[in-house]
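*Asks:* Take a look at the following structure, please.
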Amino acid sequence: MKKFLLILFLAVVTVQGYSQIKKCAVISVFGNRNLSDDPLDTKLYEKVLKDSSFNIAGTVNEFEALIMNEFVPQFPFAFKDKAEVINSEDYKALDSIVTYKTHIWEESSWDWANPLIPADGYINIAALGIVTDKRAIKKAFEIFPDIDAVLIAYVDFNLYDNVGIGGITSKKVYAYANIKVFNSEAKRIFKLKERESSKKGVTALGGFVLDPRKLTPMVFDAAEQLFAEMKKNMPKKLAKMAKKIDKMAGEDDN
């Protein structure tokens, strides 16, 4: 199994920021079908994105179930029930103002080009670093005044060159999990990022995958490896976070 990358940023919040989180709401879980961060590569993988068989909805829902069933109960603060979030008419209305609606994917006629796939019941609220939907995040606190933080999680994929010679390469797929928590000012106060690779590769010539049909099982394989590592490592990381918060809360009481 390939090495995984696990980055947990705890230093981005103050002691008060941690201890003040009493209740959080998961407001978005989604997956990204795009296989590269480079806009030029979107054209390269156009055939894959147009292929209806390249469907990651099942993987996204599996990711959401993993978060809700395995990890949410282990966070050191309470979470709002999912049904209360997704059944809120005001929450559903956020779909008309979210950032991705004004993205070129929506402005163009390329319906196939919008790669974001939400988990059942959720809408896509971007938290992609350079594209973070601060307006929607802040609005969520108005919709749910009983929360102190919101959580956005997404899984995305990236084709990378494993080995290559003479213009012929073997590509594999990285699967990335991102879990981010924001405060009412839309400032990130917690981030978890983990990465795993598919076991098998696919042949590419001059950067083009010769058989796009092989990409779908590679994406699923990479996601399977990723979820297994998350199950193994998240409990320990969340336990450390809980211990740190308990210590901070105790210091606040003194």
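*Asks:* Just by accessible area at a 1.4 angstrom probe, what is the order of Asp81, Asp156 from largest to smallest?
*Replies:* Output order, biggest surface exposure first: Asp81, Asp156.
*Asks:* What residues have an amide H closer than 5 Å to that of Gly31, excluding those fewer than 5 places away on the same chain, when H is modeled at 1.01 Å from N in the peptide plane?
*Replies:* For Gly31, the qualifying residues are Ile117, Ala119, Val155.
*Asks:* Ala149's amide H: which non-local residues (gap 5+, or another chain) put their own amide H closer than 5 Å, with H modeled 1.01 Å from N in plane and none for Pro or chain starts?
*Replies:* For Ala149, whose amide H was placed from the backbone, the distant partners under 5 Å are Lys23, Ala25.
*Asks:* Can you run phi through the Karplus equation (6.51, -1.76, 1.60; θ = phi - 60°) for the stretch 222-232 and list ³J(HN,Hα) in whole Hz, with x for Gly and Pro?
*Replies:* Coupling constants for the stretch 222-232: 4, 5, 4, 5, 4, 5, 5, 5, 5, 4, 6 Hz.
*Asks:* Moving on to the next point. Residue by residue through the stretch 189-199, what is 3J(HN,Hα) from phi via Karplus (6.51 cos²θ - 1.76 cosθ + 1.60, θ = phi - 60°)? Round to whole Hz and write x for glycine and proline.
*Replies:* Rounded to whole hertz, the list is 10, 7, 9, 10, 9, 9, 9, 9, 10, 5, 7.
*Asks:* Would you mind checking which residues have amide H under 5 Å from Ala127's amide H? H placed 1.01 Å from N; only 5 or more apart, or other chain.
*Replies:* The answer is Asp133.
*Asks:* Something else now. Where in the stretch 170-239 are there GluC sites (Glu not before Pro) that are in a DSSP coil and have at most 13 other Cβ atoms within 10 angstrom of their Cβ?
*Replies:* Values: sites: Glu185, Glu194, Glu196, Glu224, Glu229; in loops: Glu185.
Sparse-neighbourhood loop GluC sites (Glu not before Pro): Glu185.
*Asks:* So what does Thr99 come to for accessible area, using a 1.4 Å probe and Å² rounded to 10?
*Replies:* Answer for Thr99: close to 50 Å² accessible.
The values are calculated or read from the model by the stated rules, or taken from the named source; none is laboratory data. No experiment lies behind these values; they were computed from the predicted model shown. Positions of Cβ are backbone-derived with ideal geometry, glycine not excepted, and every protein chain shown enters the neighbour counts. Just so you know, the surface numbers come from the protein's heavy atoms only, side chains and all, with ligands and any DNA or RNA stripped out. Shrake-Rupley method; radii C 1.70, N 1.55, O 1.52, S 1.80 Å.
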